[in-house]
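The values are calculated or read from the model by the stated rules, or taken from the named source; none is laboratory data. Because the structure is a prediction, the values reported are computed rather than measured. Quick reminder, even Gly has a Cβ in these numbers, built from the backbone with ideal geometry, and neighbours come from all protein chains shown. For the accessible areas, the whole protein counts, side chains as well, though only heavy atoms, and no ligand, DNA or RNA atoms are used. Shrake-Rupley method; radii C 1.70, N 1.55, O 1.52, S 1.80 Å.
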Number of protein chains: 4
Amino acid sequence: MVKVGIVGGTGYTGVELLRLLASHQEVEVVAITSRAESGRRVDDLYPNLRGIYDLAYTEPAPKTLAACDIVFFATPHNVAMNLVPELLAAGTRVIDLSADYRIRDDQLWSKWYGEPHASPELLADAVYGLPEVNRAQIVDAQLLACPGCYPTSVQLGLIPLLSRGLVDPAHLIASSASGVSGAGRQAKIDNLLSEVSDSFKAYGVAGHRHLPEIEQGLSDVAGSPVSLTFVPHLLPMIRGIHSTLFAQLNDSAVDLQGLYEQWYVDEPFVDVLPAGVFPQTRTVKGANRCQISLQVPQGRDTVVIMVAIDNLVKGASGQAIQNMNIMLGLPEDMGLKQIGLLP
Amino acid sequence: MVKVGIVGGTGYTGVELLRLLASHQEVEVVAITSRAESGRRVDDLYPNLRGIYDLAYTEPAPKTLAACDIVFFATPHNVAMNLVPELLAAGTRVIDLSADYRIRDDQLWSKWYGEPHASPELLADAVYGLPEVNRAQIVDAQLLACPGCYPTSVQLGLIPLLSRGLVDPAHLIASSASGVSGAGRQAKIDNLLSEVSDSFKAYGVAGHRHLPEIEQGLSDVAGSPVSLTFVPHLLPMIRGIHSTLFAQLNDSAVDLQGLYEQWYVDEPFVDVLPAGVFPQTRTVKGANRCQISLQVPQGRDTVVIMVAIDNLVKGASGQAIQNMNIMLGLPEDMGLKQIGLLP
Amino acid sequence: MVKVGIVGGTGYTGVELLRLLASHQEVEVVAITSRAESGRRVDDLYPNLRGIYDLAYTEPAPKTLAACDIVFFATPHNVAMNLVPELLAAGTRVIDLSADYRIRDDQLWSKWYGEPHASPELLADAVYGLPEVNRAQIVDAQLLACPGCYPTSVQLGLIPLLSRGLVDPAHLIASSASGVSGAGRQAKIDNLLSEVSDSFKAYGVAGHRHLPEIEQGLSDVAGSPVSLTFVPHLLPMIRGIHSTLFAQLNDSAVDLQGLYEQWYVDEPFVDVLPAGVFPQTRTVKGANRCQISLQVPQGRDTVVIMVAIDNLVKGASGQAIQNMNIMLGLPEDMGLKQIGLLP
Amino acid sequence: MVKVGIVGGTGYTGVELLRLLASHQEVEVVAITSRAESGRRVDDLYPNLRGIYDLAYTEPAPKTLAACDIVFFATPHNVAMNLVPELLAAGTRVIDLSADYRIRDDQLWSKWYGEPHASPELLADAVYGLPEVNRAQIVDAQLLACPGCYPTSVQLGLIPLLSRGLVDPAHLIASSASGVSGAGRQAKIDNLLSEVSDSFKAYGVAGHRHLPEIEQGLSDVAGSPVSLTFVPHLLPMIRGIHSTLFAQLNDSAVDLQGLYEQWYVDEPFVDVLPAGVFPQTRTVKGANRCQISLQVPQGRDTVVIMVAIDNLVKGASGQAIQNMNIMLGLPEDMGLKQIGLLP
């Protein structure tokens, strides 16, 4: 059994790792850390796990973590970049669900996160864990940077078009919406049910931290810089991200439906829907799946791509396990066969 | 007292008219019709109105309606266009909340609604009831076509930019989202709580019936045809529309915040928020108010305008009463002083 | 105009006072305090109030407050009991929405709130502000203790039965459920949307602080001690309290429907529904109204009473204004004519 | 592989059977019927199942169904009782999720369902599928009547107390609440999101069809007739049932926590929570699990038992599969290892 540790196990991506790994035959969670809840049983905080795990939270001791084969960081940014060097030195492979190693340029990272990067020397070797783009490099990754939730949805939606040079890369638009679990499990008035239920709003319009990550990824596949206007919104629900993407076509003769179906035909977790069927976040709730649809309204020159994922699964913990499977040479869908909980 | 009738009083815009008119000092609701609920007391169907109205639903008899000074049609499309000619002939003024008289071109109307228009001869004289554009014409309207909910939000958001020619009119984008009450009170599986709660999706992407109405209105203010990509989404909540609008600026030197504040400075129901504050649907819930914000992310060439209204108030019944007040020469905010119900 | 001050104006009962008082013709809010938000405009925190109030939060200075005719405390417990003596001494009348003066026995209060009462000498003169019971005493109240939300719903539901001695007072049961706004606007993980949406649970089963208040009130009307099993639950929504009450009848021949209708016939804000119609929280949302229904299932010996109120209105701020109107000799429904926002 | 058929596969219990059976190693779904959707692919209606099943709905042909080893009826009442005799005659075992065979007394059934029973001769041999009570009889059942959702929660909560004779059986109270999915997937105005979101109400107070089923089951374990006051409520969410049960203790010296823990110690799907921890529906969402807690508030003579299940899993489809496993001699938890989806 592969020994797995989780740093930051009280948050939503932490408990989601636990939920998914419970059905994984080849790994065993041997350590889960939390400074605030050290000593408390995991199933006391999360009673859905009673009878599943016999684990308690511990302080994040490097020695314990270094004894793991793989350590997941399910932490806010600024935690992993301080602990990872020691773990890598000990030969432990790291899958970081936070933003610390997603952006290759440490100056750009500092600009968006407001502080110097603590281990910039690792950025060059960190592998960006979007399997649909980087599968080959993921196999041998020692340090894997798991993509953000919005970036996963936007990139999977635009990659075929940009790879083929079919749209204007200077005027891409992403109107995305996320459930509140994307904001994490933190005591903030802004995320109280009484504040965000029954309402809808945009936020971070002037500049959201996921923007540079998305533009980096899209520029890579486009082969030249792209410019994206990215507007995230907050949905009055727990799980799910939906991105509605707009781009101006420079060639209206291409069979876009065929392009997308072909592009993702071998991908186990990307599902291009039949023409005319649009994704809903509920059909991927709890599942490591991305559903995509596209349309050219009125046959004009703007293409609309719609993408739905569960922000905690394909947008975080499920994708992390998918990467782990690739890194370990296991079947890519091991532990990831959950079906969307509908209704 | 002005005598008011309501045709189609069991739907959500009907009961919302009743809620708002209850605080209006100059009108009295004397008739409310429903074929399905004829004979049933209004407050039996809507117990929030107990003690407020002593009314029962009746069959929609032209004679009764013609005895009213003003008749509201709170019906699906295809009802008003058959009854209105008789009422106008009797001297009754009509405020139609449905789509029947919103589009001036009856051929275009037929294309989107799939049937011939029953009274196309009235289209030329019907006044489109967006007070912020048409206040002068509304005063003498005999037949007023109340704008749709999405069209109200999109037009109020784009009018200043298009009027001043500041953006590319050929590539406008509206990513809008509506609460489920916009779908009306009809027995459809698609709108069950179990189907649409906890989820988010786009719909009508290939072509929503509000598109021609919006393009007509925007083209009017732009002075030339505009082209809009309009993608509506369904929110897992009851009330509220939020439109996120994108346009490419052809002049980046203009003070857009100042432009919008100035444009709407005298409008009682349009509220341009301070720079950096974004609208939320909850702050306008139950209120006849449109809140607008705008941003140029990263100082690039795409402007983002965010607009929030309550689809049942400024997007329907409140706007209808605002129009009625203008038509009657009353203070425009009479009966419309409700404050957004927050939290 | 009566000068009104509000202490603790950032919470939900504070903003609800502002919403309701905006339509009150005889009072003017001249001061609103908040230590945390001092200096900030009220409509910056609550944009639904833009254009309605030109007020900013201030520090809670006794001098400013003492200049008011009436001061509302919309604070957690433990604030009013320290400030009220000074205000009363200055001749200012106080309406306390918190729990500080609801329980007459300061030892009992201390037992449930875990600290000594700071001004126990005022408890004897504080008037419990349930107008349906205490209207006469409220008129001259200098210090009014506004009932809690659960206590309002449970008392209004059981008073007729207990007053008439029709049920076993030793085995009363209240299974109540509240929207999350009842927990206030505080940064707690427990009330995040991601924690309480899509779920339902009981809480405080071993003993909720509203229990002694309810038993005190019910014992008063029963004329002897009553015993209540009170189980509150948390609903995945913002506003509304629903109490389902069970009691064993000792006389099955009484016309209970007639009793209740007669009991509340003159009450402006208590509405006994027709037999067979059950209350819903949505029909009283935003309204100062209590709707009650009762049933004896299967004609057995247990009566079920259902009660719905809006916890922020009849359960807090609306009731406070109702009390204020009585204290000022104004029409009891002034400023309280809002209709339930349905749908 | 065991061949399984599902009658009524478009409803929520039908699609839930499909979701759960997808992870079951020993069965294969070979037929799924729907008159309304005959010919349509299952994953067209339920896109969460894309790639999981290659099935289309068919007409409910007895011949096809009789070729199955086991047929589930996921239908409204009044369907199974007409088709089951033919299937049983063909040697097919039947698991009926509807109410048709739950009540042994056909006169009582007729009284509550308003029509004669179509196959009363089968009632005596139908086995009531509550494994925690009837496991031994379930093994050989040819016709299994799967318990209702409310009845499962109420019975599991009261069985230990009634079996041991610890409470007054004449005054049991159940205040239950269910998510809207319990009402099924039918086009009814009453279950629109706009009607039931953001609200809470009791319904069926005069007499809900689950009452006789519950009283039958409780009387069996009590050994004499019991009387229950049962009030169901509708929760503004999709999944989950929570029952709060009240009973008067006739012996206050018993260690109830110990009794319950011991009673269910070997049950794989009943989880008695530690003292002071109360169940939440979210911790069992999507899982075949019943969580129970109990409390004697204030140490008085009324015990409160709280029970949470997912109405579609332990309250329907999960329990049906649990019964199937017992009938087939398979491990009872096969295909039922899903963990509650939290958050």
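Within segment D:180-195, count every residue that is part of a helix (DSSP H, G or I) and open to solvent by 30 Å² or more (accessible area, probe 1.4 Å).
Counting residues in segment D:180-195 that are part of a helix (DSSP H, G or I) and open to solvent by 30 Å² or more (accessible area, probe 1.4 Å) gives 4.
Kindly indicate whether any position in segment A:51-66 is part of a loop (DSSP other than H, G, I, E, B) and under 22 Å from A:Ile326 (Cβ atoms). Give the steps one after another, and end with the answer.
Start the filter on segment A:51-66 by keeping residues that are part of a loop (DSSP other than H, G, I, E, B), which leaves A:51-55, A:57, A:59-61.
Those still in the list that are under 22 Å from A:Ile326 (Cβ atoms) too: none.
No, segment A:51-66 contains no residue that is part of a loop (DSSP other than H, G, I, E, B) and under 22 Å from A:Ile326 (Cβ atoms).
Residues A:Gly207, A:Gly258, A:Gly276: which one is part of a helix (DSSP H, G or I) and over 21 Å from A:Pro343 (Cα atoms)?
From the options A:Gly207, A:Gly258, A:Gly276, the qualifying one is A:Gly258.
Every residue in segment B:144-179 that is within 14 Å of chain A (Cβ to nearest Cβ) and assigned to a loop (DSSP other than H, G, I, E, B), please.
B:Asp168, B:Pro169, B:Ala170, B:His171, B:Gly179
Condition (residue is part of a helix (DSSP H, G or I), in contact (Cβ under 8 Å) with a residue 12 or more places away in the chain and open to solvent by 30 Å² or more (accessible area, probe 1.4 Å)) applied to segment A:244-252: is it met by at least one residue?
no
Would a scan of segment A:188-205 turn up a residue that is in contact with a Cys (Cβ under 9 Å, 6 or more places away or on another chain) and more than 19 Å from A:Val84 (Cβ to Cβ)?
Going through segment A:188-205, the residues in contact with a Cys (Cβ under 9 Å, 6 or more places away or on another chain) turn out to be none.
Looking through segment A:188-205, none of the residues is in contact with a Cys (Cβ under 9 Å, 6 or more places away or on another chain) and more than 19 Å from A:Val84 (Cβ to Cβ).
Go through segment B:283-297 and give me each residue that's buried (at least 24 other Cβ atoms within 10 Å of the Cβ), assigned to a strand (DSSP E or B) and either at the interface with another protein chain (Cβ under 8 Å from one of its Cβ atoms) or without any contact (Cβ under 8 Å) to a residue 24 or more places away in the chain (or both).
Passing the criteria: B:Gln291, B:Ser293.
At pLDDT 95 or above and either within 12 Å of chain A (Cβ to nearest Cβ) or not in a loop (DSSP other than H, G, I, E, B) (or both): is that true of D:Glu37 in this structure?
Spelling it out, it is not the case that D:Glu37 is at pLDDT 95 or above and either within 12 Å of chain A (Cβ to nearest Cβ) or not in a loop (DSSP other than H, G, I, E, B) (or both).
Going residue by residue through segment C:322-342, is there one that turns out to be within 13 Å of another protein chain (Cβ to nearest Cβ), within 20 Å of C:Gln155 (Cβ to Cβ) and touching a strand residue (DSSP E or B) at 6+ places or on another chain (Cβ under 7 Å)?
No, segment C:322-342 contains no residue that is within 13 Å of another protein chain (Cβ to nearest Cβ), within 20 Å of C:Gln155 (Cβ to Cβ) and touching a strand residue (DSSP E or B) at 6+ places or on another chain (Cβ under 7 Å).
Go through segment B:3-33 and count every residue that is over 21 Å from the mean Cα position of the chain (by Cα) and either surrounded by fewer than 17 Cβ atoms within 10 Å (Cβ to Cβ) or on the phi > 0 side of the Ramachandran plot (or both).
4
From D:Ser224, D:Ser219, D:Ser252, D:Ser243, grab the single residue that is at pLDDT below 95 and not acidic (Asp, Glu).
None of the other options fit; the residue is D:Ser252.
Mind listing just one residue for me: the one in segment A:87-111 that is under 15 Å from the mean Cα position of the chain (by Cα) and of a type in the set (A, V, I, L, M, F, W, C) and, of those, surrounded by the most Cβ atoms within 10 Å (Cβ to Cβ)?
A:Leu97
Does B:Leu218 count as over 21 Å from A:Thr244 (Cβ atoms) and touching a Pro at 6+ places or on another chain (Cβ under 9 Å)?
Judged against the criteria, B:Leu218 is not a match.
Report, by residue number, each residue of segment A:112-124 that is in contact with a Lys or Arg (Cβ under 9 Å, 6 or more places away or on another chain) and open to solvent by less than 60 Å² (accessible area, probe 1.4 Å).
Once the filter is applied, which keeps residues that are in contact with a Lys or Arg (Cβ under 9 Å, 6 or more places away or on another chain) and open to solvent by less than 60 Å² (accessible area, probe 1.4 Å), segment A:112-124 yields A:Trp112, A:Tyr113, A:Leu123.
Does segment B:196-215 include one or more residues that are open to solvent by 40 Å² or more (accessible area, probe 1.4 Å) and more than 7 Å from chain A (Cβ to nearest Cβ)?
Yes, some residue in segment B:196-215 is open to solvent by 40 Å² or more (accessible area, probe 1.4 Å) and more than 7 Å from chain A (Cβ to nearest Cβ).
With respect to C:Val277, is the statement that it is of a type outside the set (S, T, N, Q), in the same structural domain as C:Ala174 (by TED's automatic domain parsing), under 30 Å from D:Ser227 (Cα atoms) and in contact with a Leu (Cβ under 7 Å, 6 or more places away or on another chain) true?
no
Of D:Val84, D:Val127, which residue is crowded, with 16+ Cβ neighbours inside 10 Å, farther than 21 Å from D:Gly11 by Cβ and of a type outside the set (D, E, K, R)?
When all the criteria are applied, what remains is D:Val127.
Answer yes or no as to whether D:Glu37 is in contact (Cβ under 8 Å) with a residue 12 or more places away in the chain, farther than 29 Å from D:Asp140 by Cα and crowded, with 16+ Cβ neighbours inside 10 Å. Full working, then the answer.
Numbers: in contact (Cβ under 8 Å) with a residue 12 or more places away in the chain: yes; farther than 29 Å from D:Asp140 by Cα: yes; crowded, with 16+ Cβ neighbours inside 10 Å: yes.
So D:Glu37 passes the test.
Report, by residue number, each residue of segment A:50-76 that is touching a residue at least 60 places away in the same chain (Cβ under 8 Å) and open to solvent by 40 Å² or more (accessible area, probe 1.4 Å).
Restricting attention to segment A:50-76, the residues satisfying the condition of being touching a residue at least 60 places away in the same chain (Cβ under 8 Å) are A:65, A:67-76.
Within segment A:50-76, A:Ala67, A:Asp69, A:Pro76 qualify.
Can you work out which of the residues in segment A:298-321 that are open to solvent by less than 10 Å² (accessible area, probe 1.4 Å), assigned to a helix (DSSP H, G or I) and of a type in the set (S, T, N, Q) is farthest from the other protein chains (Cβ to nearest Cβ)?
Out of the qualifying residues, it is A:Gln319.
Need pairs with beta-carbon distance below 6 Å; first residue of a type in the set (A, V, I, L, M) and within segment D:5-24, second modelled with pLDDT under 95; sequence gap 6+ or separate chains.
D:Val7/D:Pro60
Condition first: more than 20 Å from B:Gly184 (Cβ to Cβ) and touching a helix residue (DSSP H, G or I) at 6+ places or on another chain (Cβ under 6 Å). Can you find one or more residues in segment B:11-26 that meet it?
no
Where residues in segment C:155-170 are touching a Ser or Thr at 6+ places or on another chain (Cβ under 7 Å) and over 22 Å from D:Pro236 (Cβ atoms), which of them is surrounded by the most Cβ atoms within 10 Å (Cβ to Cβ)? Spell out how you get there, then give the answer.
As a first pass, look at segment C:155-170 and keep what is touching a Ser or Thr at 6+ places or on another chain (Cβ under 7 Å): C:157, C:169-170.
Remaining after also requiring over 22 Å from D:Pro236 (Cβ atoms): C:169-170.
Working: C:Pro169: 22, C:Ala170: 15.
Applying the filter and picking the extreme gives C:Pro169.
Output the number of the condition that D:Phe230 fails; it satisfies all remaining conditions of (1) in a strand (DSSP E or B); (2) at the interface with chain C (Cβ under 7 Å from one of its Cβ atoms).
(2)
Those residues that are facing chain D (nearest Cβ under 8 Å) and open to solvent by less than 30 Å² (accessible area, probe 1.4 Å), I need them from segment C:259-282; list them, please. First the steps, then the outcome.
Residues of segment C:259-282 facing chain D (nearest Cβ under 8 Å): C:276, C:278-282.
Listed by number, the residues that qualify are C:Pro279, C:Thr281, C:Arg282.
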